[in-house]
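Visitor: Got a structure here, written out as structure tokens. Questions coming.
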Amino acid sequence: MTRYYFDHNATTPIAPAVREAVVHALDEAWANPSSIHQDGQRARRMMEEARLRIATMLGCAPKEVVLTSGGTEADNLAILGAVHADPRPARHVVTTAVEHPAVLEACAQLEREGVAITYLQPDRQGRIDADIFRRQLRPTTVLASVMHANNETGAVQDVAALAAIAREAGVLFHSDGVQAAGKLPLALASTAISLYSISAHKLNAPKGCGALYVRQGVTLAPMLHGGRQERSRRAGTESVTLAIALGAAAQLERPDLTTLRDRLEQGILARVADAHVNAAAVAPPAQHHQHPLRRHLRRSPRHRARPARLCRLHRRGLLLGFRRAFARVARHGPLP
Ligand SMILES: Cc1ncc(COP(=O)(O)O)c(C=O)c1O
């Protein structure tokens, strides 16, 4: 039976070039990259080459790339690290109600510590309005965190514009780019984004590795206490093999899937009653941020996906994901 995998937002298969890089790394880069002997230095060299590839994909300097254990750690380090590094007694964070739990739960932790958090609501297209964003920034705001592409609706935020507003107000800007990296063009150095998270397993590399872009000059309080790896921003012997895998993934040629996606979307819309595109595009395709990734189709609430129904499709070779996107919008309530 032919199997069709439609759950790339959950994880992606390993690319052959990444697999090759992993096997090579297991043989050649097994030593501790902090060791001064030849084997250690070879591991260090290979890891730094990988860091350069990651930096090239992100459009930043290699020293601005901190290797982490994945997107969750990158998000936590950005949010907790930035707020904990700010000594002011009253601190405030702006985020959105539709972030990944890696961001929302980090914010919940800050709330327990007495930090004020504002959760912005997206509009009907899933976008965060720039004026509303601007009005929520306060003199005590340390950080704003707005995801680049939503993992459930596909809505893409104009994070460069939001980051510019944040910079004007003297506020750090973090974006969870886990679902956007490799799919949307990015040149972090030419934006005002201070922190940007990515995850290897969304880029055809193995799970357990990610990276946080930390703009030069941004100070983070480390979450892990130990050695001075990653310029004292992330303690612990680096996972050299996985870093090399992420480096190889960053270099992959990624085909433009727009035509295929549009064909599939039109076919489903024509055949499936009550099918909807989440975060539908409303603007002409002048700027990519005006367009959701739109790989996210759903049926109307009357036809809610049920696990049993999905299992039947899975048995027929159609591997689909199941997520509850907008529940969180309701949970965090409207803006004050
Ligand atoms: C938008 C987003 N942020 C963060 C994460 C967490 O990344 P990881 O699984 O590498 O911890 C995910 C994973 O699904 C995600 O989709």
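The values are calculated or read from the model by the stated rules, or taken from the named source; none is laboratory data. Given the structure is predicted, the values throughout are model-derived calculations rather than measurements. Neighbour counts are summed over all protein chains in view; Cβ atoms, including those assigned to glycine, are modelled from backbone coordinates with ideal geometry.
Visitor: Scan segment 22-43 and tell me whether some residue there is closer than 21 Å to K63 by Cβ, in the same structural domain as H100 (by TED's automatic domain parsing), touching a residue at least 40 places away in the same chain (Cβ under 8 Å) and not in a loop (DSSP other than H, G, I, E, B).
Guide: Scanning segment 22-43, I find at least one residue that is closer than 21 Å to K63 by Cβ, in the same structural domain as H100 (by TED's automatic domain parsing), touching a residue at least 40 places away in the same chain (Cβ under 8 Å) and not in a loop (DSSP other than H, G, I, E, B), so the answer is yes.
Visitor: Still on this structure, please answer the following. Would you confirm whether any residue within segment 54-62 is in contact with a Pro (Cβ under 9 Å, 6 or more places away or on another chain), part of a helix (DSSP H, G or I), within 16 Å of the ligand (Cβ to nearest atom) and in contact (Cβ under 8 Å) with a residue 12 or more places away in the chain?
Guide: yes
Visitor: Looking at segment 235-336, what helices (runs of 4 or more DSSP H) fall wholly within it and have at least 1 residues that are within 26 Å of S197 (Cα to Cα) and either touching a Phe, Trp or Tyr at 6+ places or on another chain (Cβ under 7 Å) or modelled with pLDDT of 80 or more (or both)?
Guide: Passing ranges, in order: 240-250, 258-271, 327-332.
Matching residues to (1) aromatic (F, W, Y); (2) in a helix (DSSP H, G or I); (3) within 16 Å of the ligand (Cβ to nearest atom); (4) surrounded by fewer than 18 Cβ atoms within 10 Å (Cβ to Cβ):
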position	(1), (2), (3), (4)
V93	no, no, no, no
G114	no, no, no, yes
T118	no, no, no, no
R124	no, no, no, yes
I132	no, yes, no, yes
R138	no, no, no, yes
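Visitor: Related question: Do we find a residue being surrounded by fewer than 16 Cβ atoms within 10 Å (Cβ to Cβ), in a loop (DSSP other than H, G, I, E, B) and either charged (D, E, K, R) or not assigned by TED's automatic domain parsing to the domain that holds T56 (or both) anywhere in segment 167-177?
Guide: no
Visitor: If you don't mind, there's one more thing I want to ask. Those residues that are away from the ligand (no atom under 13 Å from the Cβ), part of a loop (DSSP other than H, G, I, E, B) and not hydrophobic (A, V, I, L, M, F, W, C), I need them from segment 205-234; list them, please.
Guide: Of everything in segment 205-234, those that are away from the ligand (no atom under 13 Å from the Cβ), part of a loop (DSSP other than H, G, I, E, B) and not hydrophobic (A, V, I, L, M, F, W, C) turn out to be R215, Q216, G217, T219, P222, H225, G226, G227, R228, R233, R234.
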